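Down below is the structure, laid out as structure tokens.
The values are calculated or read from the model by the stated rules, or taken from the named source; none is laboratory data. The structure displayed is predicted, hence computed values, not measured ones. Backbone-built Cβ (ideal geometry, glycine too); neighbour counts: all protein chains shown.
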């Protein structure tokens, strides 16, 4: 059933309507008492208007588009106890039954329609128990209206009495004070709610925000229409970037690229703008992002974001969480396996390019190839496209091979970082962890049989420090060049049990103290690692 009630049911003049009202009272006075409610199978249902709340003392002021909500109950109905249906009517300036008469004697409205010549409740609209609301549009301003609703059960029993406190709502229509939806704009560093609705393409309506160049930006919005009893009263939104005339209704040629015209009206509440690019030398530039919201009545509000594009402050990628994929190679069949670096991120969301710079291992690059028919040098290959392959190989009598893959990462904006990740070739499947012996051989070669271990450019000393207590040790080491440094303690299984330092350090002599009290008695290894060299020293802790 259409809930948009037609108000014009008669063209009677006011004098004729008054005469009809007298006839209504006369006829209604002779309605048999038992016929009015038809209470033939128990208690009748009840109904109560819930929003807006009815009152015999207060006249509610509504907008031309208006919705009424109610709730009903049937004490004889099974389950949820809801009535079988509702019937409702809106009386207005041209209604068959005068509003003034219904206000003076609410029960006269019931008596008239229950004995209507065309049948009970003729002219009333119906709705099911699952939709206890009705919407009315195009109501005339400055006119008086009366809304009435009843609940009926399966036998036709209906709710009564009629009352301005329960099932009757008196209201007038006015646009006074209505300025349109109230917009809220959101985005990077932006969360602004306009104090009121309104439409002003002027500087006072602009909300300033700064956006860095070369960054895609997403703006969001929503609006509150403040029509009583409805939380979603916005009909549509649309947006534009740098539109020259907000009254220009020319449709977009392409929704994705023609941003200088209004988008198609829709319920969308976000838009992502492509990156802005500044000229060089960079100087700030200004753009304006416009959002329109229209409510169900037709009132519009305008929001404006004034975007100042500024030079970007780039943050470099983060390499410290880098991992190798796969982290281990098995079986050790001397074949090559592709390995990639993951876990590198960029705080600005820039795409990161990774370049393998070198590969080292803790075993010499000697041995035989597949089928033991050829030498296995080199143990790592960096292909022309930058991809890496490592040989699945380890010494027969060792504790597993540890490859260290060194790399740099670039975000394309001038930011870089350097890091490393390890790959293990375990000795066997019972001992899946590898122990890094601290020796450093170049996995890429040369393959001339020399396989010389890299010259040590670092020295590491472990010095007890009685001044700081029995459980404290001092590590001394020197760096020939400034670099990222990791100093950590490992147990005999190769498990890291303590990190002493993990940071970028300048060249020169360094001394750091650390507390050994948390380590159990036994043999440990202190390892100092930089992008070029590893140094490992044993440490025996006795209690």
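Observations
- Restricting 358, 340 to those that are more than 30 Å from residue 67 (Cα to Cα) and either modelled with pLDDT of 95 or more or under 25 Å from the mean Cα position of the chain (by Cα) (or both) reduces the list to 340.
- Filter pass, residue 281 being under 26 Å from the mean Cα position of the chain (by Cα) and either surrounded by 15 or more Cβ atoms within 10 Å (Cβ to Cβ) or free of Cβ contacts under 8 Å to residues at least 12 places away in the same chain (or both): no
- Of all the listed residues (140, 148), the sole one being under 26 Å from residue 87 (Cα atoms), outside the structural domain of residue 272 (by TED's automatic domain parsing), crowded, with 20+ Cβ neighbours inside 10 Å and in contact (Cβ under 8 Å) with a residue 24 or more places away in the chain is 148.
- Residue within region 109-116 that is in a loop (DSSP other than H, G, I, E, B) and either free of Cβ contacts under 8 Å to residues at least 40 places away in the same chain or closer than 26 Å to residue 298 by Cα (or both) present: yes
- In region 151-193, residue surrounded by the fewest Cβ atoms within 10 Å (Cβ to Cβ) [restricted to those that are touching a helix residue (DSSP H, G or I) at 6+ places or on another chain (Cβ under 8 Å) and not in a strand (DSSP E or B)]: 161
- Subset of region 513-529 [under 45 Å from the mean Cα position of the chain (by Cα) and modelled with pLDDT under 80]: 514, 515, 518
- Every residue from region 58-82 that is under 15 Å from residue 130 (Cα atoms), under 41 Å from the mean Cα position of the chain (by Cα) and buried (at least 21 other Cβ atoms within 10 Å of the Cβ): 68, 70, 72
- Comparison of 458, 475, 486, 479 shows that the only residue that is closer than 28 Å to residue 398 by Cβ, modelled with pLDDT under 75 and crowded, with 16+ Cβ neighbours inside 10 Å is 458.
- Flag for residue 232 being in contact with a strand residue (DSSP E or B) (Cβ under 9 Å, 6 or more places away or on another chain) and modelled with pLDDT under 95: no
- Taken together, the criteria exclude residue 83 from residues that are in a loop (DSSP other than H, G, I, E, B) and more than 20 Å from residue 50 (Cα to Cα).
- Residue selected from region 492-507 under the condition assigned to a strand (DSSP E or B) and farther than 29 Å from residue 398 by Cα, by the criterion farthest from the chain's Cα centre (by Cα): 505
- Test: residue in region 517-524 that is under 22 Å from residue 400 (Cα atoms) and surrounded by 16 or more Cβ atoms within 10 Å (Cβ to Cβ): yes
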